[in-house]
Amino acid sequence: MKIIDLHNDYLTELNNREIIKYLKNNECYLHSLFSPIWTTELKNPLTLIKNKDKLIKNDKFNKKTHICIEDMHFFEENMKEDILSINPFYCGLCWNYENNFCGGAYSNANLSLKGKKLIKFLETNNIIVDCAHMNQKSFYQFANITTKPLFCSHTGFKSIICDDRNLSDEQIKQIVKSNGLIGFYFVGKYISNNKVTINDIVKNIKHFVNLYGCDNLAIGSDFYGTKDLPKNLKNYKDFENLKNLLLKHGFNNHEIKKLFFENAKNFIKKRD
């Protein structure tokens, strides 16, 4: 079974040689891989983004890999052509804290006028706005002005673990109502109160599917963005373990295919 992962930070964390090796080792498991460059702590974000983009476009695996941007804090008006030449699949306006554009999960800031202009620029050019790290204020302000399906690349569920990095039930309802997509991540502290196991992954997925159905949830693993992962779910080969456990908990193969692959594929088609 092929996998689409909406959020894997390998482009940020690995050097060029390691990136090529990683793609080769995982080619057999992957249909598509979305990798954001996390810019929050970078001195020259645009330079690194352009270098990684060039690497991916020159490699034979470029059809499987889609570059994205996590935290547009560095963006200036004179960078528009650079962003368009990179053509990221999605961009997150912020990380966990506020910047000139909006409020991050652990801040109380609003979506700013600059943020609204950036959203207009991105959406006009068919670049998806990722609301994964927005606080609730900015999320709802964004939801009120966008005409696109809402997208959250990697998150958990606040009703299970009450952390501002996770989505509330009302946010989930709004994303589902918009025919949007949510990527579920495997980050232990956001999905379990104890040492995370693969059973916690299944518990969270069951929770979502029981409440909202199986059509708006996908995978946004956050591989390379965390080391806080279940011991039996640290790479794409381990998805077989997740599949087998989901089957034991009553999921069928069609539902699993939706979660691992089809829901994300259908959402990608909307953008293309």
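What follows draws every value from the coordinates through simple rules; no lab data is involved. Here the structure is a predicted model, which is why all the values come from computation and not from measurement. Because the Cβ atoms are built from the backbone with ideal geometry, glycine has one as well, and the counts that use them run over all protein chains shown.
One decimal place: the segment residue 21-residue 137 gains 37.7 nm when fully extended, by the rule 0.36 nm per residue minus the C-alpha distance.
If a spin label sat at a point 7 angstrom from the Cα of residue 193 along the line to its beta carbon, the backbone N atoms of the stretch 146-183 nearer than 14 Å would be those of 159-163. Under a Gaussian network description of the chain, with springs only between Cα atoms under 10 Å, the residue in 200, 59, 130 that fluctuates furthest is 59. Each residue, residue 1 and residue 226, gets one label point 7 Å from its Cα in the Cβ direction; the gap between the two is 2.1 nm. Measuring between their Cα centroids, the stretch 214-272 and the stretch 65-134 lie 26 Å from each other. One decimal place: the segment residue 97-residue 77 gains 5.0 nm when fully extended, by the rule 0.36 nm per residue minus the C-alpha distance. Using a Gaussian network model of the chain in which every pair of alpha carbons under 10 angstrom is joined by a spring, one finds that among 49, 127, 145 the greatest mean-square fluctuation is at 145. With kT/(6 pi eta Rh) evaluated at 25 °C and eta = 0.890 mPa s, and Rh the Kirkwood radius from Cα pairs, the stretch 200-272 diffuses with a coefficient of 187 µm²/s according to Stokes-Einstein. With each label modelled as a point 7 angstrom along the Cα→C-beta vector, the residue 120-residue 108 pair spans 3.0 nm.
Taking θ as phi - 60° and the Karplus parameters 6.51, -1.76 and 1.60, the scalar couplings of the stretch 23-31 work out to 5, 5, 5, 10, 4, 5, 9, 9, 8 Hz in sequence order, x denoting glycine and proline. Remark: the stretch 163-179, residue by residue, has Karplus-estimated 3J(HN,Hα) of 10, 5, 6, 8, 7, 6, 4, 5, 5, 4, 4, 5, 5, 5, 4, 7, 6 Hz, where x stands for each Gly or Pro and the curve is 6.51 cos²θ - 1.76 cosθ + 1.60 at θ = phi - 60°.
If you run the Gaussian network model on the chain, springs between alpha carbon atoms under 10 Å, then out of 240, 13, 81 the most flexible one is 81.
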